[in-house]
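Written out below as structure tokens is the structure these notes cover.
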Amino acid sequence: MSEDLWGNKEGGQRLSEEKAPAPDADEQRKEWKLIQKLVLSLTAEQRRSRRWGIFFKVLTFAYLTALLVLLMPDELFDASDEGEAHVALVEVLGTISQDDAANADAIVTGLRDAFEDDNTRAVIVRINSPGGSPVQAGYVYDEIRRLRALHPDTPVYSVIVDIGASGGYYIAAAADEIYADKASLVGSIGVISSSFGFVETLEKLGVERRVVTSGENKAFLDPFSPLKESEVAFWKGVLKTTHEQFIDQVRKGRGDRLVDDEALFSGLIWTGEQALELGLIDGLGSASYVARELVGEENIVNFTHKATPIERLAERFGATFAKTLATEMGAGVSPLR
């Protein structure tokens, strides 16, 4: 055979045109089976992933739904009863303070909702409070009086549970009538401001108190400085004025039902039975008793306003900011009770 210029023998095939031998049929079948297994495995894995994804989505939805139900204000569950005649209940629980659940905004919101409901036959203010801010209590007192004037056909009853003292009784006095249990604690019509003095303690510890002010009385009643008689006299005047305001509101609310006894306004506290004799309350009984026996309506709907989680977070943030600002400005006077 002769060779061409490229070194290929004549009659033969060129190297560039040579074909590989055909693969074996058994090997092809094995490769296809392997590919099929791989594809089926991937498909099964995707199905499992989708199922787990759906499961966790459903689980998350169920968790959020349960959390929402738990945090939902209780009054939303009472809405079904509001279409029927009822006695509206608004509670004052705990210390009366802007930073606590028994704050004027919350109590007033519940009172307005109760009075504005067309099916409300009477309003019961159920109180279990040792007192608190006279300002917050005064707001509630004034609002009850205002709502009574706007809705003269809707009677208002205060019911004291364990204790209705100081600011708690202040609010109770705004009602048409007051009821309590025979063992309830009622009264404490007075004003108090308390703190501690650490002057000698600082001296024993060798600590020097340094205060710089731009006003003569800016460090008024500083617990780390010696007590001044002039400051005590001035502060007693403030407390006396607040006390007189308290007494005046109680007299307006109770009228001639009060016995003529100055001990009523001395800050003393009495049991329900004693309070009845002194004219501080009108009778002994619970909220159910008042609704059933006096109003003639056993259906009680709770209108107490409870802040939502978002509202509580906003209030907490606002309270924290206010306290920080007050501290920075030196406004650290003890609250009155």
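Computed from the coordinates by the stated procedures, all read-outs in this text should not be read as laboratory data. Just so it is clear, the structure is predicted and the values come from calculations on it, not from any experiment. Positions of Cβ are backbone-derived with ideal geometry, glycine not excepted, and every protein chain shown enters the neighbour counts.
Using Cβ counts within 10 Å as a stand-in for footprinting exposure, how do His151, His86 rank, fewest first? List each step's numbers first, then the result.
Numbers: His151 15, His86 24.
Exposure proxy ranking, most exposed first: His151, His86.
Could you state the orientation-averaged shadow area of the convex hull built on the Cα atoms of the stretch 74-329, in nm² to one decimal?
Numbers: hull surface 67.6 nm².
Convex hull of Cα atoms, orientation-averaged projection: 16.9 nm².
Determine, for Trp235, Trp32, the number of other Cβ atoms within 10 Å of each Cβ, and report the residues in order from fewest to most.
Values: Trp235 14, Trp32 10.
Arranged by neighbour count, lowest to highest, Trp235, Trp32 become Trp32, Trp235.
Express in nm, to one decimal, how much length is gained between Leu64 and Glu293 on full extension, taking 0.36 nm for each residue of separation and deducting their alpha carbon distance. Kindly include the intermediate steps, with their values, before the conclusion.
Values: separation 229, 0.36 × 229 = 82.44 nm, distance 4.32 nm.
Once the chain is fully extended between Leu64 and Glu293, it gains 78.1 nm.
Tell me which of Val259, Ile300, Val135 sits at the most positive position along the dipole axis of the stretch 74-329, charges placed on C-beta atoms (Lys, Arg +1; Asp, Glu -1).
It is Val135, whose Cα lies furthest towards the positive end.
Can you count the Lys pairs in the stretch 74-329 whose Cα atoms are under 23 Å apart, with each pair 8 or more apart or on different chains?
So the count works out to 9.
Between the stretch 160-235 and the stretch 105-119, what is the separation of their alpha carbon centroids in Å?
When both Cα centres are located, 32 Å separates them.
Would you calculate the separation in nanometres between label points at Ser230 and Leu34, each defined as 7 Å from the Cα along the Cα-to-beta-carbon direction?
Spacing of the two 7 Å Cα→Cβ label points: 10.2 nm.
Taking the DSSP beta bridges in the stretch 74-329 as the whole, what percent of them are antiparallel, to the nearest 5? Write out the running numbers ahead of the final one.
Values: 3 of 31 bridges.
About 10 percent, rounded to the nearest 5.
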